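The values are calculated or read from the model by the stated rules, or taken from the named source; none is laboratory data. None of the values given here were measured: they were computed from a predicted structure. Note that each Cβ is placed from the backbone with ideal geometry, even for glycine, and that neighbours are counted across all protein chains shown.
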Amino acid sequence: MKRIAIDLAFLLACVLGTSGCRGTQRTTAPSIVRVSARLPHGDAQTVADTVGEVIATGVGGLGQHVSAISTGEICDVYVVSAPDADPQQFLVTVRQAVESCRRLLPADADGASVLLQPPGIPIPRPAIWQVQEIQVLLDRDKVKALGISPAEMDRAMAPAAEKSRPTNKDANALAATVLQVDGKSVRLGDVAEFKVVAVPSHVVRTYR
């Protein structure tokens, strides 16, 4: 009976991966940290080329895999840890890397939040298609000099942004929109260029 009890204890140790079974090594799934940032009035390609590249380069030496998914104004960079890495410590390390490269982001980029992905939630694999939208090429120096806030630009462009298939007429109307800034009338066409373009719905890049 004593021999049976010992064997059962040994078997239980093997199943649980404890030190009672030398041939068994416990491993844990890699952790995934998501870094999200927004570039107002950007498209997927522009966001990928600016925000995505900066963040992915900044965290590129961490973990075992880095990829970025950009869509509309948003870029999500996913950083995958090595197996058995401590999730919270890995999160802290990624946050420190993002803080180090934050100054390299476009001046009007928002956020760069750093969050630990819930266990079992994989990196998305989005379908990609062509979308038509109004591309906004801001003269950031003029916008800053005139004191136009991002919130004012968002409000002015909201009606056009809500259209699923904008036209050149919509782009021209947007350029003709007038804002009142500190008692002065500012035409949006004087601080930005608006044109209708076909762009990918998402830009997906794998860095390693």
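Brief remarks on what is shown
- Considering Ala29, Ala48, the condition of being at pLDDT 50 or above and in a loop (DSSP other than H, G, I, E, B) is satisfied by Ala29 alone.
- So Ala82, is it without any contact (Cβ under 8 Å) to a residue 60 or more places away in the chain, more than 12 Å from His41 (Cα to Cα) and not assigned by TED's automatic domain parsing to the domain that holds Lys195: yes
- Candidate set: segment 168-187, residues that are part of a strand (DSSP E or B) and of a type in the set (A, V, I, L, M, F, W, C); chosen: the one modelled with the lowest pLDDT: Val181
- Residue in segment 58-68 that is out of contact with any Pro (no Cβ under 6 Å at 6 or more places or on another chain), modelled with pLDDT of 95 or more, of a type in the set (S, T, N, Q) and not in a loop (DSSP other than H, G, I, E, B) present: yes
- Matching entry among Leu137, Leu174, Leu146 (being surrounded by fewer than 13 Cβ atoms within 10 Å (Cβ to Cβ) and in contact with a strand residue (DSSP E or B) (Cβ under 7 Å, 6 or more places away or on another chain)): Leu137
- From the list Gly120, Gly147, the lone residue that is on the phi > 0 side of the Ramachandran plot and touching an Asp or Glu at 6+ places or on another chain (Cβ under 9 Å) is Gly147.
- On inspection, Thr50 passes the criterion of being on the phi < 0 side of the Ramachandran plot and touching a strand residue (DSSP E or B) at 6+ places or on another chain (Cβ under 9 Å).
- Consider segment 188-208 and keep the residues that are of a type in the set (A, V, I, L, M) and outside any strand (DSSP E or B). The one that is nearest to Gly52 (Cα to Cα) is Val191.
- Once segment 71-130 is narrowed to residues that are among the charged types (D, E, K, R) and assigned to a strand (DSSP E or B), the residue that is farthest from the chain's Cα centre (by Cα) is Asp110.
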